[in-house]
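Note sheet for the following structure.
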Amino acid sequence: MLAATLWFPGVACSQAHDHKTKAAADDGQMVGMADHAMDHMGHDSVMSLHMQMTPMRVATHADSTRALALVAELRQAIAKYKDVSVAERDGFKMFLPNVKNQRVYHFTSSRNAFKEAFRFDPDQPTSLLYRRNAAGQLTLVGAMYTMPKRAGIDKLDERVPLGIAQWHRHVNWCLPKRGESARWMERQDGHAVFGPESPIATQAACDSVGGDFHESLFGWMIHANVFAGDDLGAIFGDEHR
């Protein structure tokens, strides 16, 4: 599955616009893959090698007030996506559509993922998050928003109070080099050699297996489960914490 979803062989483009479009699409797919992978790995030592969380701050009354106002804004902004067909019409695509029993279904917009590097728009999250209900229908639980990897702690706090929530980002990934997609299947000492399930998390270790090391693969991400009720702990308490 990793081999199929992670590797996006590129053909050199003569037009810069085409190159940027494809790069944005690849980033959107990779964002979905990364968050999906981490959702299913559990809180183990390997996960901790590839996940960085923002430090928690002591929550203040002002933090709670600001967070509740933000939740109300986000809830209203994405309510239209309770209808999955509306999300799909707006360019959101399900990650791993052939995997029927996902704990959380990520519908990612490559276009929004690209734009999030430059602005914050509650109406245009990077990903929409769904769960299946007892009847098998997809139910909207919230959205994932992103910020550039260069964003500082104070800038993240401006968007969502760090006394209430933690942002996360995926770090220290060793990937096969371009043109070597078959290497995704490699295992060593019972572990994957590449990707988020690999114990390899340093430049030197990645070099030793002939990989391509990425200290920070994407920017910062945060889950806002705005339809999980009114408790801020439930809304921002995604399983990465």
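Observations on the model:
- Top-ranked residue in the stretch 167-183 [being out of contact with any strand residue (DSSP E or B) (no Cβ under 6 Å at 6 or more places or on another chain) and part of a loop (DSSP other than H, G, I, E, B); ranked as surrounded by the most Cβ atoms within 10 Å (Cβ to Cβ)]: Pro176
- Tally, over the stretch 134-147, of residues that are open to solvent by less than 20 Å² (accessible area, probe 1.4 Å) and closer than 27 Å to Glu197 by Cα: 6
- Taken as a whole, the condition of being modelled with pLDDT of 90 or more, farther than 30 Å from Ser64 by Cβ and either of a type in the set (Val, Ile, Thr) or touching a strand residue (DSSP E or B) at 6+ places or on another chain (Cβ under 6 Å) (or both) applies to Pro199.
- For the stretch 130-147, the count of residues that are of a type in the set (Phe, Trp, Tyr) and part of a loop (DSSP other than H, G, I, E, B) is zero.
- Residue ID - least open to solvent (accessible area, probe 1.4 Å), chosen from residues in the stretch 222-241 that are among the acidic types (Asp, Glu) and at pLDDT below 90: Asp238
Conditions (1) under 17 Å from the mean Cα position of the chain (by Cα); (2) open to solvent by less than 20 Å² (accessible area, probe 1.4 Å); (3) farther than 18 Å from Thr146 by Cβ, marked per residue:
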| position | (1), (2), (3) |
| --- | --- |
| Leu68 | no, no, yes |
| Arg75 | no, no, yes |
| Ala79 | no, no, yes |
| Ser85 | no, no, yes |
| Asn101 | no, no, yes |
| Asn112 | yes, yes, no |
| Asp121 | yes, no, no |
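- Being surrounded by fewer than 21 Cβ atoms within 10 Å (Cβ to Cβ), more than 22 Å from Gly229 (Cβ to Cβ) and acidic (Asp, Glu) is a property that holds for Asp90.
- Flag if Glu215 is within 21 Å of the chain's Cα centre (by Cα), farther than 30 Å from Ala77 by Cα, open to solvent by 50 Å² or more (accessible area, probe 1.4 Å) and of a type outside the set (Ser, Thr, Tyr): yes
- The listed residues are Met51, Met56, Met47, and the only one of them that is on the phi < 0 side of the Ramachandran plot, open to solvent by less than 20 Å² (accessible area, probe 1.4 Å) and either of a type in the set (A, V, I, L, M, F, W, C) or in contact (Cβ under 8 Å) with a residue 40 or more places away in the chain (or both) turns out to be Met47.
- Residue check for Ala151: of a type in the set (A, V, I, L, M, F, W, C) and loosely packed, with under 15 Cβ neighbours inside 10 Å: no
- If the condition is being of a type in the set (Gly, Ala, Ser) and buried (at least 17 other Cβ atoms within 10 Å of the Cβ), then the stretch 185-208 contributes Ala192, Gly195, Ser198, Ala201.
The values are calculated or read from the model by the stated rules, or taken from the named source; none is laboratory data. Since this is a predicted model, take the numbers as computed values, not measurements. FYI the Cβ positions are ideal-geometry reconstructions off the backbone, even for glycines, and counts take in every protein chain you see. Quick note on the areas: whole protein, heavy atoms, side chains included, nothing else; ligands and nucleic acids left out. Shrake-Rupley method; radii C 1.70, N 1.55, O 1.52, S 1.80 Å.
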